[in-house]
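The values are calculated or read from the model by the stated rules, or taken from the named source; none is laboratory data. All values reported here derive from a predicted model rather than from experimental measurement. Neighbour counts are summed over all protein chains in view; Cβ atoms, including those assigned to glycine, are modelled from backbone coordinates with ideal geometry. Side chains included, ligands, DNA and RNA excluded: accessible areas come from the protein's heavy atoms. Shrake-Rupley method; radii C 1.70, N 1.55, O 1.52, S 1.80 Å.
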Amino acid sequence: MSTTPAPENQMEAIVSLAKRRGFVYPSSEIYGGFNGFFDYGPLGVELKKNIRDCWWNDMVRRRDDVVGIETSIIMHPKVWEASGHVAGFTDPLVDCKVSKQRYRADQLFFAPVVIDGKTVGYVSALESEKTAEDLQAAAESFKRKKGIQGTLLPVAIRDMTEAQPDEIALIPSPATGEPGSLTEPRSFNMMFQTNVGAMTDGSSVAYLRPETAQGMFVDFKNVIDTTRVKLPFGIAQIGKSFRNEITPRNYIFRSREFEQMEMEYFIHEDADWSQCHQEWIEWCRQWLISVGLPESHLSLYAHPKEKLAFYSRGTVDIMFKYPFGVQELWGIAARGSYDLTQHANASGKPQEIFDETTKKKFVPHVIEPAVGVDRIFLAVLCAGYAEEDVTDEKGNVEKRTVLRLSPRIAPVKVAILPLLKNKEALTNRAKALYTKLKRNYAVQYDDGGAIGKRYRRQDEAGTPWCVTIDFDTVEKEGDTFTLRERDSMAQRRITETELLALLAEHVY
RNA sequence: GCGGGUGUAGUUUAGUGGCAAAACACCACUCUUCCAAAGUGGUUUCGACGGUUCGAUUCCGUCCACCCGCACCA
């Protein structure tokens, strides 16, 4: 019988296991932790590296039409002006301290109520089709209620980004109608700033990249000039990105420093982008399945047209059912020629390709599958985590915690276990096998404690197979070991040749 | 950023204004012929800072972190 912990406890159990076994630690923990940042421990770094390697192998090396690059994390500040991040990543927000409502400052409007040339108060309104009328009506109502005589001037509308500090306390909250509860507009540009060089004035400001994608666009010309790629082709990159998230949440799901795997697939301007988009969505879905995510936990979400960024022709997210809800895992966006055009305009360097048939130059369009390594990491942990009730020979029921990770990404592929550690014949054979296997695979040698305990220890680490060197190995013909499978706990005898074949088949 | 909750060992949790504990884990030794065996020994803890107090892990304050809800997530 298998039991799954209730959803409200599952994240806790996973976080606890991840810490206990050395997958994920809170960042800077001895200083009390640091919100939005995480460290990956010895098992975690292996798992993460395997996720990256699988993606790189499948996306770059095993394809003829995708090449890889690695661009710098800090790029010329103009990159982010051209991409729209300097302007678009800023969202000044205003809070109402009484109602706890939060407003975008540029969508919250106000006006002074001016009677006989004297400002007697303020009115406010949210952005709508008739903001001006609303404010005018509010001003008239204000005048009536206060019983002030005189001539009311037409209201002069401004939004909260233009409010003077001494005005903010006088502007009523749209929620309560009373002044005094609104905060100053706070700017939340999500790009981390730093300074390059010795000077720290405005001229030296640079940004930590909030996405790796711009590297592919900025190096587009370099790649087509120095390699033999022909449309359609992709440029891929894996690397760290940084976003100063207002509220990091859900463990490593939304953190301030994270790792992206992005690919920009460039196609002819006349190509059927919709079909290409669909093909990449399916490719990504199959890839997720290939690293062990159950199809049942995956779903697609097409962004509604009216919510798309103006340059986007369509964005589909592959969603994953996390314990805390169905959340975005992999976004596949059709971005048209927006990015290359932006950089062409900003840099003055055309980003074009020559079409031999039409003898015309054009800017390619792009399909962008973008995924976070950390989100896949969390997904495989959540999907693989299980607690089972197992009954032993005496009828005792015990809990088994197991991490069902695909052999492709499991941090340890095989554990080599001598049945007993005080019998040299066993340990010598085990060490020889260990030495041989570790040249090509991540393997562990473990002779500590009883065999059952070692099996369970490997279960928690997600090791798909254990190989036990027993007396039959060294005393009987055939040099066979016990192969114990993590998921079924089944055992069978296997030769070294068969073990190598098993690994070659499942670890790729 | 707001409201609520929570911080004690690697993990899960007891407990107290006066020597800080248990289980599991981990390490060592003995033992052990296939699913968290047994014995002995051992390492490790009151999130940080300040206040009250003769004395604070405990009470108070501030901060930090984590969880839940709201808001936010070009």
Q: Provide a single number: the residues in the range A:12-37 that are open to solvent by 10 Å² or more (accessible area, probe 1.4 Å) and not hydroxyl-bearing (Ser, Thr, Tyr).
A: 14
Q.
Could you go through the range A:231-242 and let me know if any residue there is open to solvent by 60 Å² or more (accessible area, probe 1.4 Å) and over 23 Å from residue A:192 (Cα atoms).
A. yes
Q: Check off (1) more than 6 Å from RNA strand B (Cβ to nearest atom); (2) among the basic types (Lys, Arg); (3) open to solvent by less than 20 Å² (accessible area, probe 1.4 Å) for residue A:493 and give me the number that stays unchecked.
A: (3)
Q: Evaluate the following for residue A:113: is it surrounded by 20 or more Cβ atoms within 10 Å (Cβ to Cβ), modelled with pLDDT of 85 or more and closer than 15 Å to residue A:343 by Cβ?
A: no
Q) What about residue A:40, is it within 12 Å of RNA strand B (Cβ to nearest atom) and either without any contact (Cβ under 8 Å) to a residue 40 or more places away in the chain or open to solvent by less than 60 Å² (accessible area, probe 1.4 Å) (or both)? A) no
Q. If you take the residues of the range A:476-490 that are among the charged types (D, E, K, R) and in contact (Cβ under 8 Å) with a residue 12 or more places away in the chain, which of them is farthest from RNA strand B (Cβ to nearest atom)?
A. A:479
Q. How many residues, within the range A:313-341, are open to solvent by 20 Å² or more (accessible area, probe 1.4 Å), near RNA strand B (Cβ under 10 Å from one of its atoms) and not charged (D, E, K, R)?
A. 5
Q) Restricting the search to the range A:156-179, which residues are outside any loop (DSSP other than H, G, I, E, B) and either surrounded by fewer than 13 Cβ atoms within 10 Å (Cβ to Cβ) or free of Cβ contacts under 8 Å to residues at least 12 places away in the same chain (or both)? A) A:162, A:165, A:166
Q: Could you identify the single residue in A:106, A:134 that is open to solvent by 30 Å² or more (accessible area, probe 1.4 Å), farther than 16 Å from residue A:177 by Cβ, under 45 Å from the mean Cα position of the chain (by Cα) and at pLDDT below 80?
A: A:106
Q. Given (1) touching an Asp or Glu at 6+ places or on another chain (Cβ under 9 Å); (2) without any contact (Cβ under 8 Å) to a residue 40 or more places away in the chain; (3) not assigned by TED's automatic domain parsing to the domain that holds residue A:15, where does residue A:182 come up short, assuming only one miss?
A. (2)
Q | Entirely in the range A:355-470, the helices (runs of 4 or more DSSP H) that have 2 or more residues that are charged (D, E, K, R) and near RNA strand B (Cβ under 8 Å from one of its atoms) | A | A:451-461
Q) Any idea which of (1) open to solvent by 30 Å² or more (accessible area, probe 1.4 Å); (2) in contact (Cβ under 8 Å) with a residue 12 or more places away in the chain; (3) over 19 Å from residue A:42 (Cα atoms) is the one residue A:418 doesn't satisfy? A) (1)
